[in-house]
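Some notes on the structure that comes next.
The values are calculated or read from the model by the stated rules, or taken from the named source; none is laboratory data. Note that this is a predicted model, so its numbers are computed, not measured. Don't worry about glycine lacking a Cβ; one is built from the backbone with ideal geometry, like all the others, and counts go over all protein chains shown. What goes into the accessible areas is simple: the full protein's heavy atoms, side chains included, and nothing from ligands, DNA or RNA. Shrake-Rupley method; radii C 1.70, N 1.55, O 1.52, S 1.80 Å.
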Amino acid sequence: MKNILSIFKNSIKTEEVRRKILFTIGVFVVFRIFAYIPVSGVNLVSLKALFSQNQFLGLLDIFSGGTLANFSVMALGLNPYINASIIFQLCTFVFPKLEELAKEGESGRQKINQYTRFLTVPLAILQAIGMYALLRNQGIISVLSPLYLVSFIATMTAGTMLLVWLGELITEKGIGNGISILIFAGIVGRLPVVIGQTLQTVTNENILNTILFLGVGIGVVAGVIFMNEAVRQITVYYAKRVRGNKVYGGQTTHLPLRLNQAGVIPIIFAVSLVLLPSLIGNYLSASKNSAIHNIATALSSLFNPTSIFYNVIYFLLIVGFTYFYTAIVFNPKKIAEEIQKYGGFIPGVRPGTPTAQYLNYVLTRITLAGAVFLGVIAILPTLGRATSGVQTLFLGGTGLLIVVSVVLETVRAIESQLVMRNYERFVQ
């Protein structure tokens, strides 16, 4: 804690880092202002009553930063963009041209980001149509004329694209990953409402359960910090090399492999996918066709956040995405080539392909621990609500994971900014 406070204190003293932090805070303010600008024609009283009674919608509102319950112009949140990102990352393994583009470095990533933004628009339109149908079926919004419906869809889509633009601004000119930080800002912005709802429901009968629930939450925070900071150190030796009259190498270093290489991304991806079936089920539930209505009912039942099936799928998605994203951000073959290039080797392992195989062997096993931890923490709140009876604590393991992980990543980003500007004495 002392080190974190020292980093923030010294970041304020550095003009460029201070400017980045202030820029990020300014984007936060803009985001929260837009979060309270509602779309016209929506009965907000009925909408908030619906969200308080539906756990799925309450969870969805958490990840939109409270913009969904207010039904602001940003009510769709970043879900369309996240889904588009998932689609393109999966496509890089299927289409060789996209894979080549991803390997081109910064220019290739910029092109893929541009394609992702293009795909976000139709996905946002489809989600806006589904949201309108859901609210109309619940009697929360009246039947709109074609012109007003087009205006409604355009407003929702524009809100999502504005949110994507704000996230990219933070990434480019602020501190940390803009998309993750905006999701963090939304969750934290919703936190006072959740706490207020929880305090209203606390009685003499469930006060002990509430205290135990909060105690588990503190344990979750500690566990997240531990897993995010945990690394496996791989010893690397560099042989001595003589060039002219100088001797290079001859030193020992360590290659740190984090237990959770993917960070908070698997949680965001898994939530975006696991909520889709419920959204589709709610959209189709008003169909007059009995077969479609039965399918919609089954989807809503299976993917209810309290169901066993939902939590099993959620757990498996998190584990799968952890491995998937780790494979993207850490390339054992490339690392092995870099070690060999500079005359390094791992004791007992031959350079080149055997080194890559060894790194992959170690990474696969330590990632399993990180993936299982993320999955267990994500479904733990459901078990906690079932045992404690406190149903208003929607900000459970998933929200805490995102909040704590983003805070740690942002602190590391600030620290790296200080180090880059030769301020090593600030981060001792």
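Return, for the Cα atoms of the stretch 92-160, the radius of gyration and Dmax in Å, separated by a comma.
17.5, 51
With a 1.4 Å probe and every protein chain left in place, tell me how much accessible area His254 has, in Å² to the nearest 10.
Accessible area, nearest 10 Å²: 100 Å².
What net charge is computed for the residues neighbouring Arg117, neighbours being all others with C-beta under 15 Å from the C-beta of Arg117, Lys and Arg scored +1, Asp and Glu -1?
0
Using only protein heavy atoms and a 1.4 Å probe, report how much of Ser300 is accessible, in Å² to the nearest 10.
Approximately 40 Å² of Ser300 is accessible to the 1.4 Å probe.
Could you please report the charge total around Gln261, scoring K, R as +1 and D, E as -1 over all other residues with beta-carbon less than 15 angstrom from its beta-carbon? Present the calculation step by step, with values, prior to reporting the outcome.
Working: positive: Arg232, Arg258, Lys334, Arg365, Arg412; negative: Glu229, Glu409.
Combined, the nearby Lys, Arg, Asp and Glu give +3.
At 1.4 Å probe size, what's the solvent-accessible area of Leu276? Round to the nearest 10 Å².
Accessible area, nearest 10 Å²: 60 Å².
Can you tally the net charge around Ala356? Count Lys and Arg as +1, Asp and Glu as -1, for every other residue whose Cβ sits under 14 Å from the Cβ of Ala356.
Numbers: positive: Lys333, Lys334, Lys341, Arg350; negative: Glu337, Glu338.
My count for the surroundings of Ala356 gives +2.
Considering amide H positions built from the backbone, and no H for Pro or chain starts, which residues 5 or more places from Val236, or on another chain, come under 5 Å of its amide H?
Those qualifying (amide H under 5 Å, at least 5 residues apart or on another chain) are Thr253, His254, Leu255.
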